[in-house]
Amino acid sequence: MSPPTSLSPATHAIHADDRINLLTDVAPPIHTSTTFRYPRDAEALQPVPVEGEFVDLQTPLVYSRLASANINRLETILTPLLYPGTGENELEQLSNHVVSYSSGLSAFHALIVNTVPKIVAISGGYHGCHGVLDLHKKLHGLKTVDLHADDAAWDSAGLGKGDVVHLETPLNPTGEAFEIQKYADRAHKRGALLSVDATFAPPGLQDPFAWGADIVMHSGTKYIGGHSDMLCGILATAKGSDGLQRASVLRSERIFLGAVLGSLEGWLGVRSLRTLELRVQRQSSNATNLASWFSDALNGNGEDSQAVKNIVAQVAHASLQTADFPWLKKQMPNGFGPVFAIYTHFTEQARNLPSHLKLFHHATSLGGVESLIEWRRMSDSDVDERLLRVSVGVENWEDLKADFLQAFRALAEGGEKAGDSDRVKVDVQMGGDGAQGVADGAV
């Protein structure tokens with residue numbers, strides 16, 4: 001019996017790279033070489049074209065700043081996940097629409113270098129992207145306009161052909177969602193491009209291309225990596241000749257930006273994609289359950305209500321945007337994302353709450369299998385100082401709920417602040433000292 005013409009994403013995550021297997025290893029090997037031998041047969045040597053280097057996934061390997069086996073495999077597996085429902089016969093060529101980078105920020109920088117916009121519509125979200133735009137403002141006078149401003153404001157700013165509308169949905173750090181189709185329509189009627197940072201809704205939860213995105217970005221460090229042990233960025237372009245041409249230029253420009261993903265990171269990404277659906281569905285479900293519990297408690301429902309209300313003033317998550325469900329359930333049919341935010345009544349409560357939690361690491365970033373909480377002021381100087389970002393892991397959600405409850409009660413009772421006084425001291429820094437908020441630009 002022949003296999004089905006279109007496999008599910010979960011199956012693709014395991015088998016999308018079967019067609020490129022050359023060795024008998026079931027687990028793909030780690031290739032660490034930075035350089036690769038030219039053919040021994042002199043007649044087979046092909047000098048670099050006069051018009052410049054061209055690299056795609058079918059180009060023989062030369063030097064790992066151009067491409068390597070590990071990142072080619074990663075991009076191959078990502079393709080059916082980023083373009084769900086694509087026929088098997090399209091996938092090989094479509095894989096050239098997916099370009100990996102050394103981090104999410106290097107991917108965003110590559111996007112701006114590639115598009116060279118005069119105006120970028122952007123608002124809130126990941127402050128690292130604003131830092132990249134500040135560099136381009138300094139270099140060539142780039143201007144920005146509020147993403148959520150009305151048409152008159154966009155027109156007054158001069159946003160038009162070749163410019164970029166950059167939408168992050170769900171939003172960092174709150175996990176709230178925005179309607180992609182709305183911003184696609186607004187961008188396209190002006191000849192602008194819509195880029196969507198879909199980091200908080202990894203493949204399987206949201207398909208921005210289905211709603212008009214021209215370019216989709218992921219900080220692959222988060223859910224594509226999924227284990228808090230690799231940096232990665234992804235840009236993918238829309239299907240069609242224009243998208244392929246843009247991706248070809250992105251891949252060529254990546255050579256000179258020096259932002260290629262490392263070989264080990266490529267291998268780690270492959271390992272992680274195998275379980276992407278399992279992880280993300282569990283994390284998203286956990287986050288929705290927790291956000292619902294918080295919301296119910298804040299509305300006076302449940303026996304835990306007062307304990308929650310003593311500390312928490314507000315909760316934010318896409319699952320709570322019930323007025324938006326007519327479009328939101330179509331845009332995110334399989335879950336509302338694994339990140340939400342809570343706001344405490346006072347700054348000191350937000351500062352101290354993580355120290356009372358036992359199952360949440362107090363750390364920046366998100367997307368790993370372990371639950372994290374961050375007093376967001378540690379890495380973002382512009383944020384509401386009462387905000388805590390919660391990245392939910394794959395633990396049992398009721399255990400996480402119980403952990404929150406005991407922490408709320410301890411904090412409300414004025415419990416002794418947790419400390420590190422009993423931790424062993426060492427002479428060589430191994431990450432044992434608590435991370436300090438030394439600069440904006442964390443994740």
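If you check 209, 200, 178, which single one turns out to be free of Cβ contacts under 8 Å to residues at least 12 places away in the same chain and either in the same structural domain as residue 111 (by the TED database) or more than 16 Å from residue 111 (Cα to Cα) (or both)? Can you show your working first?
Working: 209 fails: free of Cβ contacts under 8 Å to residues at least 12 places away in the same chain; 200 fails: free of Cβ contacts under 8 Å to residues at least 12 places away in the same chain.
Within the list 209, 200, 178, the selection yields 178.
Put simply, of 244, 235, 231, 290 the only residue that is in a helix (DSSP H, G or I), assigned by the TED database to the domain that holds residue 112 and either in contact with a helix residue (DSSP H, G or I) (Cβ under 9 Å, 6 or more places away or on another chain) or modelled with pLDDT of 95 or more (or both) is 244. Scanning the stretch 350-366 for residues that are touching a helix residue (DSSP H, G or I) at 6+ places or on another chain (Cβ under 8 Å) and open to solvent by less than 30 Å² (accessible area, probe 1.4 Å) yields 350, 352, 353, 356, 357, 360.
Please find, within the stretch 362-394, the residue that is farthest from residue 231 (Cα to Cα) out of those that are of a type outside the set (S, T, N, Q) and touching an Asp or Glu at 6+ places or on another chain (Cβ under 6 Å). Explain how you work it out, then say what you get.
We begin by selecting, within the stretch 362-394, every residue of a type outside the set (S, T, N, Q); these are 362-363, 366-370, 372-378, 380, 382-390, 392-394.
Retained after the next criterion (residues that are touching an Asp or Glu at 6+ places or on another chain (Cβ under 6 Å)): 377, 389, 393.
Details: 377: 22, 389: 20, 393: 18 Å.
Checked the stretch 362-394; the qualifying residue farthest from residue 231 (Cα to Cα) is 377.
Against the numbered list (1) touching a residue at least 60 places away in the same chain (Cβ under 8 Å); (2) more than 22 Å from residue 86 (Cα to Cα), residue 248 comes up short only at (2). Does residue 374 qualify as being in the same structural domain as residue 286 (by the TED database), in contact with a Ser or Thr (Cβ under 6 Å, 6 or more places away or on another chain) and open to solvent by less than 20 Å² (accessible area, probe 1.4 Å)? So residue 374 fits the description; yes. The residue that is farthest from residue 79 (Cα to Cα), counting only those in the stretch 12-54 that are of a type in the set (Val, Ile, Thr) and open to solvent by 100 Å² or more (accessible area, probe 1.4 Å), is 50.
None of 337, 269 is assigned to a helix (DSSP H, G or I), of a type outside the set (A, V, I, L, M, F, W, C) and either open to solvent by less than 10 Å² (accessible area, probe 1.4 Å) or within 30 Å of residue 34 (Cα to Cα) (or both) except 269. Which of the residues that make up the stretch 249-276 are acidic (Asp, Glu) and within 20 Å of the chain's Cα centre (by Cα)? Residue satisfying the conditions is 265 alone.
The values are calculated or read from the model by the stated rules, or taken from the named source; none is laboratory data. Note that the structure is a prediction, hence the values are computed from the model and not measured. Cβ coordinates were reconstructed from backbone atoms using ideal geometry, including for glycine residues, and neighbour counts include every protein chain displayed. These area figures cover heavy atoms from the full protein model, side chains too; ligands, DNA and RNA do not enter into them. Shrake-Rupley method; radii C 1.70, N 1.55, O 1.52, S 1.80 Å.
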